[in-house]
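Novice: Shown below is the structure under consideration.
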Amino acid sequence: MVSLITLLFLIITFGCYGCNQPVANFSANVMGPLHVMNYNDPDRFEDPLDWQSFAKELAVAKQIGVDAVSVDVWWGDVEAQGDNKFDWSYYRKVFQKIKDAGLRIIPIIAFHQCGGNVGDTYTSLLPVWLWDTIKGRRSVNDLKYQSELGNFSEEYVSLWADRYVLPQYEELMAAFARLCDENGFSGDLDEINISCGPAGELRYPSYNSHDWLYDAATASGFWEKKDRSGNIILRGDRTNWPHRGAVQWYGPLALEDFQAKMKAKYGTIQRLKTAWGPEGQNLTGFTAIRFPDQGTDHGYPDGRIFKADRFFLSGAYYQSQYGRDLIEWYNRSLIEHGKRLLNLAGKVFSGRKFWKIPLGIKIPGVHWQMGTLGVSQPTAPRAAEIAAGLIRPGKNFATGFDLDAEAAVNGHGYAELIRLCQTAGRPVNLHFTCLEMGNNATGGMGETPNQYSLAKSLVGWVAAEAYRQGVTIKGENALAKGLQWTNEDFPGDWVDAWDHLDQALERYPYSGITILRLTDVTTVKNPQNGKTVGRERYRQLIAKFKQRPKNEAEVTVYYQAPLMQPPQPYRLLIRDNSKVTEYPLEYEGVRNQHHWWKIAMKAGNYFRFSISAEPSLIKVYTRYPNNGAQEEPENTIYNRAGDPAVYYRSFFKGL
């Protein structure tokens, strides 16, 4: 039998969250088509054959166990004719088809554009009249994000212009509520998802197409720079994956806001100059504050430069107080934007038919340019996530770039963004993408850098932080790529998207999954063998994770704390959705230089808990048990202070 210390080390070192156990109330959803017209001929608008194809796919989805279909409610379609001139005819038909198939509906109130990015097979621009709503107050471009390259994005209105467009957001949501109320759809909604940025995600458009340089003369469509041998050394999509992207803070409204926030923080320009050091010495007042403007042109035409290059490459974004203030403001601005939209949605959808329906937001898995776990790092670690506004560096960022275990205290940078979901006064589901991906430090050739991707790690970190905060989190795949393949189609150790999805749901507390897209799990076939791989794999996954917990049995939990800590009345807390049940632990005394507590209790197969010295204080960490060398009796769990506290009873079966 292994020693107790060895046993503790084995349990704590190898991570596993779900250990192949089903989750109660697990939801299995699919994303509907961008528009029904996409089925047979994208150039032919809403052909009867398209609606027939849609109905057939909905029937298949229902048959394999899908619960709901998410549908983008395109602002540019329903209010195209003018302010407060709504046309809901298309969505009446779409929602009725979903309802007739016995499925539920997850509308996405799409304040963003469709078209121009990866996977967009349909185009719906923001209403043209929208850009004229601020005439006489600001310029039209002031409503748009402006990148460090000087380009303007029209995919989503800049969050710094919220005060101008929030009334328009409210009108659209109110009109949608009337649609559902008047047509009997209110009872069919599983969630109301709120678009908080480009692609419906709470982020800045740091890697979107407005910053890609096109040149029709090249076969690829991108502007390219070649060396003397004809090799491509630079392409005009340098802001896209897997590059760091371009920050979007260069518009005048953003600058005015940053200046105001720094004045509120420091009070006097002298205090700011003292804090900022060299970056603040020449400032004569808060209105003299500027964004980084030292970049390189990389051979781009028209003298175009990445203005924040030196800011990132020098490490100033986390080493200087100016950099830390700037990144924190950028991240906080995004979070405040999310709060404004969730609060507005809570206000609009507050009637008796809507108040029980949870809201939802989505954040993307920007998993590239992160680093590697203890090997090598990119020149500017985590700059892609920062450019998208998702994280702010923690206190010890310089030592581990918030990639190490200690960074779990701030959710590896995501704690504040996730905490947003607790501020709406009603349940908010958090959706996180890239569950189909693995870690990949390399990848890319020619002008494309190494990915430094930690997608798989990120999927676990975000889920663990959401669980720690009591936020319901659901997953998505970022791309449909790979859903039609199986491992058998490739030699070697290639792992397909479904394996990664399965592993993510096994190991981490995701309470549901949404698969992009309906067609991929009902119709698309593997070109190698003609099999509908997506359909069969999703059917299997749904059957596996929707099974309800059963087989209650007694489980014994031991808790170990350092001898230097005085004994105190610890409690074991079991969390079941929003309900927390507390059980007092029995003090066992001192053994092997540690205090020990114990509790024996009934638990089902699926069993999540935490240990606390305070009532109802949930403390969950990011490392969990796995199938290591376990020789203790079945249903015995050992846990020590400051380490993981989420376990699954049946993990110990058969070991």
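Novice: Report whether or not LYS481 is basic (Lys, Arg) and either open to solvent by less than 10 Å² (accessible area, probe 1.4 Å) or modelled with pLDDT of 90 or more (or both).
Specialist: When the stated conditions are applied, LYS481 does not pass them.
Novice: Hey, another quick one. Return only the number of the condition from (1) outside any strand (DSSP E or B); (2) of a type outside the set (Asp, Glu); (3) on the phi < 0 side of the Ramachandran plot that TYR156 does not satisfy.
Specialist: Of (1) outside any strand (DSSP E or B); (2) of a type outside the set (Asp, Glu); (3) on the phi < 0 side of the Ramachandran plot, only one is false for TYR156: (1).
Novice: Restricting attention to region 134-151, which residues are buried (at least 21 other Cβ atoms within 10 Å of the Cβ) and of a type in the set (Gly, Ala, Ser)?
Specialist: If the condition is that a residue be buried (at least 21 other Cβ atoms within 10 Å of the Cβ) and of a type in the set (Gly, Ala, Ser), then SER147 is the only one that fits.
Novice: Does LYS225 satisfy being in contact with a strand residue (DSSP E or B) (Cβ under 9 Å, 6 or more places away or on another chain) and not in a loop (DSSP other than H, G, I, E, B)?
Specialist: Here the answer is yes, as LYS225 does meet what is asked.
Novice: Exactly one condition in (1) more than 30 Å from ASP67 (Cβ to Cβ); (2) modelled with pLDDT under 85; (3) open to solvent by less than 30 Å² (accessible area, probe 1.4 Å); (4) not hydroxyl-bearing (Ser, Thr, Tyr) is false for LEU585; which is it?
Specialist: (2)
Novice: Sticking with this one: Across region 59-84, what is the total count of residues that are more than 14 Å from TYR169 (Cα to Cα), in contact (Cβ under 8 Å) with a residue 60 or more places away in the chain and out of contact with any helix residue (DSSP H, G or I) (no Cβ under 6 Å at 6 or more places or on another chain)?
Specialist: Matching residues across region 59-84 total 7.
Novice: Let me ask something additional. Need a quick list: helices (runs of 4 or more DSSP H) entirely within region 324-439 having at least 2 residues that are closer than 17 Å to GLN469 by Cβ, open to solvent by 10 Å² or more (accessible area, probe 1.4 Å) and out of contact with any His (no Cβ under 8 Å at 6 or more places or on another chain).
Specialist: Fully inside region 324-439 and qualifying: 415-419.
Novice: State all residues of region 353-368 that are within 27 Å of ALA246 (Cβ to Cβ) and touching a strand residue (DSSP E or B) at 6+ places or on another chain (Cβ under 8 Å); if no residue qualifies, say none.
Specialist: Matches in region 353-368: ILE361, LYS362, ILE363, PRO364, GLY365, HIS367, TRP368.
Novice: Now, a different point. From PHE54, PHE14, PHE95, PHE26, which residue is modelled with pLDDT under 95, buried (at least 16 other Cβ atoms within 10 Å of the Cβ), of a type outside the set (Ser, Thr, Tyr) and closer than 30 Å to LYS546 by Cβ?
Specialist: PHE26
Novice: OK, next. Report, by residue number, each residue of region 308-323 that is under 21 Å from MET262 (Cα atoms), assigned to a loop (DSSP other than H, G, I, E, B) and open to solvent by 10 Å² or more (accessible area, probe 1.4 Å).
Specialist: Selection gives SER320 alone.
Novice: Here's something else I'd like to know. Which members of region 537-563 meet the condition of being surrounded by fewer than 18 Cβ atoms within 10 Å (Cβ to Cβ) and at pLDDT 75 or above?
Specialist: Answer for region 537-563, where residues must be surrounded by fewer than 18 Cβ atoms within 10 Å (Cβ to Cβ) and at pLDDT 75 or above: GLN540, ALA543, LYS544, LYS546, THR556, PRO562, LEU563.
Novice: Right, next: Just to be sure I understand, how many residues within region 157-179 are open to solvent by 10 Å² or more (accessible area, probe 1.4 Å) and aliphatic (A, V, I, L, M)?
Specialist: Residues that pass the stated criteria total 3.
Novice: Same structure, new question: Got a sec? Which of GLU182, GLU154 is over 30 Å from PRO427 (Cβ atoms) and open to solvent by 50 Å² or more (accessible area, probe 1.4 Å)?
Specialist: It is GLU154.
Novice: On to the next question. Tell me which of these THR523 doesn't satisfy, since it passes every other one: (1) closer than 22 Å to VAL118 by Cβ; (2) surrounded by 19 or more Cβ atoms within 10 Å (Cβ to Cβ).
Specialist: (2)
Novice: Please work out which one of (1) open to solvent by less than 50 Å² (accessible area, probe 1.4 Å); (2) at pLDDT 85 or above; (3) closer than 21 Å to LEU435 by Cα is the condition THR486 fails and give its number.
Specialist: With respect to (1) open to solvent by less than 50 Å² (accessible area, probe 1.4 Å); (2) at pLDDT 85 or above; (3) closer than 21 Å to LEU435 by Cα, THR486 is out only on (2).
Novice: Follow-up question, since we're still on this one. Sort out which residues of region 473-516 are closer than 18 Å to PHE545 by Cα, touching a Cys at 6+ places or on another chain (Cβ under 8 Å) and in a loop (DSSP other than H, G, I, E, B), and write them in order of number.
Specialist: ASN477
Novice: Also, I was wondering about something else. Can TYR145 be described as hydroxyl-bearing (Ser, Thr, Tyr), in contact with a Leu (Cβ under 6 Å, 6 or more places away or on another chain) and not in a helix (DSSP H, G or I)?
Specialist: Criteria not met by TYR145.
Novice: Now for a different question. Tell me yes or no: at least one residue of region 443-466 is within 30 Å of ALA55 (Cβ to Cβ), touching a Gly at 6+ places or on another chain (Cβ under 9 Å) and assigned to a helix (DSSP H, G or I).
Specialist: Looking for residues that are within 30 Å of ALA55 (Cβ to Cβ), touching a Gly at 6+ places or on another chain (Cβ under 9 Å) and assigned to a helix (DSSP H, G or I), one finds none in region 443-466, hence no.
Novice: Which residue pairs have Cβ atoms under 7 Å apart, sit 6 or more places apart or on different chains, and have a first residue in region 258-275 that is under 16 Å from TRP329 (Cα atoms) and a second that is of a type in the set (Ser, Thr, Tyr)?
Specialist: Pairs that qualify, where the first residue is under 16 Å from TRP329 (Cα atoms) and the partner is of a type in the set (Ser, Thr, Tyr), are GLN259/THR287; LEU272/TYR266; ALA275/TYR266.
Novice: Right, next: Restrict the check to region 225-236 and report whether at least one residue is touching a helix residue (DSSP H, G or I) at 6+ places or on another chain (Cβ under 8 Å), at negative phi and in contact (Cβ under 8 Å) with a residue 60 or more places away in the chain.
Specialist: No: zero hits.
Novice: Same structure, new question: Can you tell me how many residues in region 257-288 are of a type in the set (A, V, I, L, M, F, W, C), within 21 Å of PHE311 (Cα to Cα) and over 33 Å from the mean Cα position of the chain (by Cα)?
Specialist: 5
Novice: Of the residues ALA246, ALA174, which is touching a helix residue (DSSP H, G or I) at 6+ places or on another chain (Cβ under 6 Å), closer than 21 Å to LEU359 by Cβ and either touching a residue at least 60 places away in the same chain (Cβ under 8 Å) or outside any loop (DSSP other than H, G, I, E, B) (or both)?
Specialist: ALA174
The values are calculated or read from the model by the stated rules, or taken from the named source; none is laboratory data. Since we're looking at a predicted model, the values are computed, not measured. In this analysis, Cβ positions are derived from the backbone assuming ideal geometry, glycine residues included, and neighbour counts consider all displayed protein chains. With ligands, DNA and RNA removed, areas are computed over all heavy atoms of the protein, side chains included. Shrake-Rupley method; radii C 1.70, N 1.55, O 1.52, S 1.80 Å.
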